[in-house]
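Presented below is the structure to which this report refers.
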Amino acid sequence: MSDVIDWDALHAHAVAAMERSYSPYSKFPVGAAAITDGGRIVSGCNIENASYGVTLCAECSLVSDLIMGGGGKLVAFACVDGNGAVLMPCGRCRQLLFEHSAEGMLLNTLSGIRTIEEVLPDAFGPRTLVEYAGE
Ligand code: THU
């Protein structure tokens, strides 16, 4: 699966998104890009706020792009810092991505290509709620 993903192109989309970052407080721009199961590219950048805790991570803006553009499941994901270097999504954003991931979604990480299940083991997610409800 990983070999059919154009990781260089995905990285370039993440860099383009990072260039739109609004990060005057941390001065740590972030860009993220992903491919959906429909073949669409979605992307996002971090959008900070004077009330620091209200900051939107790049993954939040990517998920907004995903949903507003018609939805779908994410199959491959890349994230970069202000130097264009690979960045690992924060814990909260791994959860955010898990919700919208196809099974086995691939991430370009500091330790190579990994699946969403590897970076968020035994995840709490939509299925947990379905199973609890006995559906
Ligand atoms: N940030 C992201 O956008 N995504 C992550 O996964 C890690 C952190 C942003 C939030 C904040 O604007 C800046 O990086 C510094 O924490």
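Only the coordinates and a few stated rules stand behind these numbers; no lab work does. Given the structure is predicted, the values throughout are model-derived calculations rather than measurements. Glycine gets a Cβ as well: all are built from the backbone with ideal geometry, and neighbour counts include every protein chain shown.
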TODO: Estimate the FRET efficiency between Ala16 and Ile113 by the formula 1/(1 + (r/R0)^6), using the beta-carbon distance for r and 25 Å for R0, to the nearest 0.05.
DONE: 0.75
Open item on the list: Regarding the stretch 92-135, what's the average projected area of the Cα-atom convex hull, expressed in nm²?
Closed with: 3.3
- [ ] Please go through the stretch 1-83 and write out the trypsin sites (Lys or Arg not before Pro) that DSSP classes as loop and that have at most 12 other C-beta atoms within 10 Å.
- [x] Lys27
Task: DSSP-defined beta bridges in the stretch 2-133 - what % are antiparallel, rounded to 5 - done: 80
Open item on the list: Can you give the Rg/Rh ratio of the stretch 13-86, where Rg is from the C-alpha atoms and Rh is the Kirkwood radius?
Closed with: 0.99
- [ ] Within the stretch 20-107, report the chymotrypsin sites (Phe, Trp or Tyr not before Pro) that DSSP leaves as loop and that have at most 14 other Cβ atoms within 10 Å.
- [x] Tyr25
Task: the stretch 112-135 and the stretch 73-101: distance between their alpha carbon centers, rounded to Å - done: 16
Task: Compactness of the stretch 2-133, expressed as Rg and Dmax over alpha-carbon positions, Å - done: 14.2, 45
Task: Reference-scaled alpha-carbon Rg (2.2 N^0.38 Å with N residues) for the stretch 60-135 - done: 1.17
